[in-house]
Amino acid sequence: MVATWHRSTWACWMCMFINGLVAGATSAPIIIDTDMNVDDMAALVYLVRSGADIKGITVSATGFSGQWAGVDSALRLLHKLNRSDIPVAFQEGYLGSTRLNLDYPSGMPPSEWTEANNRYLEQWIGLEPSQKPAAWQSAPQLICQILQSADLQSVFILELGPYTNLAAALHRSDCAALFRSKVQGLYVQGGRLHGDDAQKIQQSGALRGSGPGSGFPWTTEKKPNKASWNVFLDAVSAAQVWTFGLATVVLSDNAFEHLQVDPSDPGMYTPRNCTNKLLADVMLNWAPAHNAEWSGLSYWDQATAVVMMQQLLTKESACQRWVESNITISLQNDATYATYHEGSLGAPSEACLATSRVALLNDFYSAGCA
């Protein structure tokens, strides 16, 4: 199906963007929610160098870095980029409180997956700690206070981690109304979509399963194949955010099939007259720091940030194929758990299914270059 929200909503967005650009703004205001994995770090460097109007950063405790480390990493990067004015907030309350089955605490992701991220900027990039402390507000407090700002008419949210903080903000008194009135769009990364065959596949039940490995307790070794990590790590919060129904742009797993990282990329795509050392360093140390193969790393959050900025600045998009649908998150205890369900309910969404590698990397590595 082709959703009808796209044409009218897009026209409103474009009017706002053009007015902002005429007034001298570099982009629409943005809130970033992140877990500060290395791809998040690189995306943040790109966004700051691109002139993104970042109003605040919130860090999840349920993603791919320890909470203490994720906040510290964001503060270190902002200090290096001379943007310590941007507030960075911790997740609030009991960590990982939204679980479907409390008999099986997930312990996900395991600590050995996060250790390399926790001290990445200190040990591999050599960034000094920031003297600026984290925000006094919790993550949902900061999100709601940004939305309450009288001089902020609209904002976009970039979700680069689990949805815990966004769901918590939605649950705060009066904040849901602010999301309705001020959040013009949500950009997210990950999860596999089925494109034109979505409804046929869903109706046939082909995604459902009941055999071994298709049920609680879910583990990192037994994640549903089509589930996004950001959804899987807190599926209840993700389901709540998607059911709320914000207009959403998603870079699905389909879009990353030709976006593996190659260590030659910074040298190939950075303009000759441009110094972009921090971005190159963050990218080039990624595989060595994690004892990983380059073929296993892709431009996940980086690509999502690039496509968002291209749309906010009305530039030609690196996305080559879009599909429109309404999406909810499955919470069924089978092979569909934490995957997208495409149909008539949930968030009106525009999903990118294919990207141009050259167009995306040219934009990513030229961020901040004249």
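What follows is calculated from the coordinates using simple rules that are stated; it is not laboratory data. Since the structure is predicted, the reported quantities are computational estimates derived from the model, not experimental observations. Backbone-built Cβ (ideal geometry, glycine too); neighbour counts: all protein chains shown.
Through the Karplus equation 6.51 cos²θ - 1.76 cosθ + 1.60, θ set to phi - 60°, convert the phi angles of region 287-299 into ³J(HN,Hα) values in whole Hz; use x for Gly and Pro.
For region 287-299, the Karplus curve yields 5, x, 5, 9, 6, 10, 7, 4, 5, x, 10, 10, 7 Hz.
Would you list which lysines come within 22 Å of residue 132, measuring only between C-alpha atoms, while excluding same-chain residues fewer than 8 positions from it?
55, 80
Quick one: net charge around residue 60, please, counting Lys, Arg +1 and Asp, Glu -1 for every other residue with C-beta under 9 Å from its C-beta.
Values: positive: none; negative: 33, 35, 234.
Surrounding charge for residue 60 is -3.
Which whole number of Å³ per residue matches the convex hull of the alpha-carbon atoms in region 113-174? Walk me through the numbers on the way to the answer.
Numbers: hull volume 8.8 nm³, N = 62.
Here the figure is 142 Å³ per residue.
In a shell of Cβ-Cβ distance under 13 Å around residue 69, excluding residue 69 itself, what net charge do Lys and Arg (+1) and Asp and Glu (-1) give? Display every interim value, and only then the final one.
Details: positive: 76, 119; negative: 35, 40, 72, 115, 122.
Value of the local net charge: -3.
Once the Cα gyration tensor of region 231-290 is found, what semi-axes does its equivalent ellipsoid get, as square roots of 5 times the eigenvalues, in whole Å, sorted largest first? Intermediate results must be reported in sequence, preceding the final value.
Details: eigenvalues 223, 44, 30 Å².
After diagonalising the Cα gyration tensor, the semi-axes are 33, 15, 12 Å.
Tell me which aspartates and glutamates have Cα within less than 16 Å of residue 226's Cα, excluding those fewer than 8 residues away on the same chain?
Within the straight-line cut-off, residue 226 pairs with 197, 234, 253, 257, 334, 342.
Counting only residues 5 or more places away or on other chains, whose amide H sits under 5 Å from the amide H of residue 161 once H atoms are built in the peptide plane?
When sequence neighbours closer than 5 places are left aside, the close amide H contacts are 35.
What shape does region 286-357 take by its C-alpha gyration tensor, where a ≥ b ≥ c are the square roots of the eigenvalues and a/c under 1.5 counts as rounded, a/b above b/c as prolate, and the rest as oblate? Walk me through the numbers on the way to the answer.
Numbers: a/c = 2.71, a/b = 1.17, b/c = 2.32.
Oblate, because a/c is 1.5 or more while a/b does not exceed b/c.
Sorted by mean Cβ packing within 10 Å, highest first, what order do the peptides 227-238, 49-60 take? Display every interim value, and only then the final one.
Numbers: 227-238: 24.9, 49-60: 23.2.
Per-residue Cβ counts within 10 Å, averaged per peptide and sorted highest first, yield 227-238, 49-60.
Tell me the GluC sites (Glu not before Pro) within region 280-349 that lie in a loop according to DSSP and have at most 15 other beta-carbon atoms within 10 Å. Please list the in-between numbers first.
Working: sites: 293, 316, 324, 342; in loops: 293, 316.
For GluC sites (Glu not before Pro) across region 280-349 that sit outside H, G, I, E and B with at most 15 neighbouring Cβ atoms in 10 Å, the list reads 293, 316.
Please compute, for the alpha-carbon atoms of region 253-330, the extent along each of the three principal axes and give them in descending order in Å.
39, 32, 17
Of 282, 292, 326, whose Cα points farthest to the positive end of the dipole of region 213-370 (charges on the beta-carbon: +1 Lys, Arg; -1 Asp, Glu; origin at the Cα centre)?
Of the options given, the answer is 282.
How charged is the neighbourhood of residue 368? Take every other residue with its Cβ under 14 Å from the Cβ of residue 368, and add Lys/Arg as +1 and Asp/Glu as -1.
Values: positive: 49, 80, 83, 277; negative: 363.
The answer is +3.
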